Amino acid sequence: MKINVDRDRCVGAGQCVLAAGAVFDQNVDDGLVELLQAEPSEELRDAVSEAQLICPSGAIELLT
Amino acid sequence: MTTGPQEIVVVGAGVAGSVTAETLRREGYAGRLTLVGAEPHLPYDRPPLSKQILSGQWDPDRIRLRRPDVYDRLGIELRLGVSVTRLDRSARVVELADGTRLAADAVVVATGVRPRRLPGDDGPAGVHALRTLDDALALREALAGGPRLVVAGAGLLGTEAAVAARASGADVTLVSAEPIPLLGLIGPQAAGLIAAVHRELGLRVRQGRVTGVESADGAVTGVRLADGTLLAADVVLVATGSLPNTEWLRGSGLRVDDGVVCDTLGRANPGVWAAGDVASLPDPRTGNHRRFEHRTQATEQAIAVARNLLAGSGARPVAPLPYFWTDQHDLKVQVFGEVAGTDRCHVVEGSPAERKFTAVHCAGDRVRGAVAVNLPRAAQQLRPLVESGAVWTGEPVGPPLTGSRADGR
């Protein structure tokens, strides 16, 4: 699975960290999304899909 | 064994409706799925309307929630640009304005809200509301050339629009019912910082109650306040709150009382569910029904309602933690839970003077809300305290309570 995050869109709500903390984090300074792994393993797909759905700014894209 | 629904109609193609439809598919629903939207646009995100769209920073395409091909891929049939006229619950039919009758063995009501109007605002040129993409683009156009803008209403929408309009060169007066805009919603420290930013931007804030819009020769001339003052304006934005879109449910047998009244599962009646701004759900703490008009609430309600609709006896209460944010110039304010109804406040990290802080708002010793300004990551650490209604000990994070702290409990 490949994912992409758009930091320009991110609003720092932190919802993705709650949904998939193994994949997403928030930058300490600006609170915006940081990708911990850009190609997480398949077993994280449900969590990442949830993060994508729950993101209030559509900043997460699932590429594959 | 009963079979689940085979024809689901989701009415309303804002974030609640589109997330409901997408979640139904993600959860394995394989029957017919129709998403009805009154606006001609593909589902899009509303928070940027009063920010990046109004200021012209973003093109409208940028706020689309999903690429156009996603709906095809998920088997979501879109009916856009047509409003809904009636729900016939006994026949299990949703009627649309173009005469279409959609059979539905389950319906999700996600018709959202519309702006409240003011006396005299219907007709004259120069009066705007801000709910839809078309509203935002029309207002943006009206702001070209630096007109005098009066924003009636200083909630999240009014204040954000005022900031964006000021940035694009308008001469802006914001009318606030409260002494400081957003005071009750975000607390005195954060509201004070926003008020300072408004002053720095040259935005005039005027306390008062708007009673109507005045016009002459078909064009707006200003906004009348309760004390008789007339605030002269070339353009007026009416941002005095919203009304739920429930008129089409008349005669459906659903209970409507400032929104569609639902049980804790998000169900209004057998086979009819509601999500988003239009849904009135019981507050898990007080039991009182209420609506939220927050972006994340709409998403989380939609996910929960879609799951409950398919879950049968496994349905779970829909009770997302309230959360919203506002961006005002260089301030990002985030609120978990609620400030309203609290009686004390403790700054946790940073300070208002640094324009960077977090604070908890408590009712008695219980944490009911957390506010963060320009500290989005630290805000997350306070979330569990709000979620659990924790007793405030002065120790938001870090190790568990030790003996020296336990006395405070």
Scan the stretch A:44-55 residue by residue and report those that are of a type in the set (A, V, I, L, M, F, W, C) and either within 14 Å of chain B (Cβ to nearest Cβ) or free of Cβ contacts under 8 Å to residues at least 24 places away in the same chain (or both). A:Ala47, A:Val48, A:Ala51, A:Leu53, A:Ile54, A:Cys55
Does B:Ala196 satisfy being without any contact (Cβ under 8 Å) to a residue 12 or more places away in the chain and of a type in the set (A, V, I, L, M, F, W, C)? yes
Within the stretch B:338-384, how many residues turn out to be surrounded by 23 or more Cβ atoms within 10 Å (Cβ to Cβ) and small (Gly, Ala, Ser)? 5
Tell me which residues, restricted to the stretch B:135-173, are of a type in the set (A, V, I, L, M), touching a Ser or Thr at 6+ places or on another chain (Cβ under 8 Å) and in a strand (DSSP E or B). B:Leu149, B:Val150, B:Val151, B:Ala152
If you go through the stretch B:315-331 one residue at a time, do you hit one that is farther than 17 Å from B:Leu183 by Cβ and of a type in the set (S, T, N, Q)? no
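Within the stretch A:28-43, track down each residue that is at pLDDT 90 or above and facing another protein chain (nearest Cβ under 8 Å). Walk me through how you get there before you give the answer.
Filtering the stretch A:28-43 for residues at pLDDT 90 or above gives A:32-43.
Of everything in the stretch A:28-43, just one residue is at pLDDT 90 or above and facing another protein chain (nearest Cβ under 8 Å), namely A:Leu32.
Would you pick out the residues in the stretch B:277-317 that are β-branched (Val, Ile, Thr) and within 14 Å of chain A (Cβ to nearest Cβ)?
Listed by number, the residues that qualify are B:Thr296, B:Thr299, B:Ile303, B:Val305.
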Identify all residues within the stretch A:24-52 that are aliphatic (A, V, I, L, M) and under 28 Å from B:Gly350 (Cβ atoms); write none if there are none. A:Val28, A:Leu32, A:Val33, A:Leu35, A:Leu36, A:Ala51
I want to confirm something. Restricting to the stretch A:17-27 and keeping residues that are crowded, with 16+ Cβ neighbours inside 10 Å and away from every other protein chain (no Cβ under 12 Å), which single residue is nearest to B:Pro47 (Cα to Cα)? A:Ala20
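Is it fair to say B:Gly276 is within 18 Å of B:Gly17 (Cβ to Cβ) and in contact (Cβ under 8 Å) with a residue 40 or more places away in the chain?
Here the answer is yes, as B:Gly276 does meet what is asked.
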B:Gly259 fails exactly one of (1) out of contact with any Pro (no Cβ under 6 Å at 6 or more places or on another chain); (2) in contact (Cβ under 8 Å) with a residue 24 or more places away in the chain; (3) more than 13 Å from chain A (Cβ to nearest Cβ), namely (1)
Which condition number in (1) within 25 Å of B:His294 (Cβ to Cβ); (2) loosely packed, with under 15 Cβ neighbours inside 10 Å is the one that B:Asp72 fails? (1)
Of all residues in the stretch B:232-269, count the ones that are part of a strand (DSSP E or B), touching a Ser or Thr at 6+ places or on another chain (Cβ under 8 Å) and surrounded by 21 or more Cβ atoms within 10 Å (Cβ to Cβ). 2
Residue list for the stretch B:20-51, filter: under 20 Å from B:Ala279 (Cα atoms), small (Gly, Ala, Ser) and within 14 Å of chain A (Cβ to nearest Cβ): B:Ala21
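Can B:Val386 be described as over 18 Å from A:Val28 (Cβ atoms) and either in contact with a helix residue (DSSP H, G or I) (Cβ under 7 Å, 6 or more places away or on another chain) or aromatic (Phe, Trp, Tyr) (or both)?
Answer is no for this residue.
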Members of the stretch B:198-225 found to be under 16 Å from B:Asp121 (Cα atoms) and not in a strand (DSSP E or B), listed by number: B:Arg209, B:Asp217, B:Gly218
Can you pull out every residue in the stretch B:1-34 that is more than 12 Å from B:Ala104 (Cβ to Cβ) and not in a loop (DSSP other than H, G, I, E, B)? B:Val15, B:Ala16, B:Gly17, B:Ser18, B:Val19, B:Thr20, B:Ala21, B:Glu22, B:Thr23, B:Leu24, B:Arg25, B:Arg26
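The values are calculated or read from the model by the stated rules, or taken from the named source; none is laboratory data. This structure is a prediction, so every number in the text was calculated from the model and none was measured. Cβ: placed from backbone, ideal geometry, glycine included. Neighbour counts: every protein chain shown.
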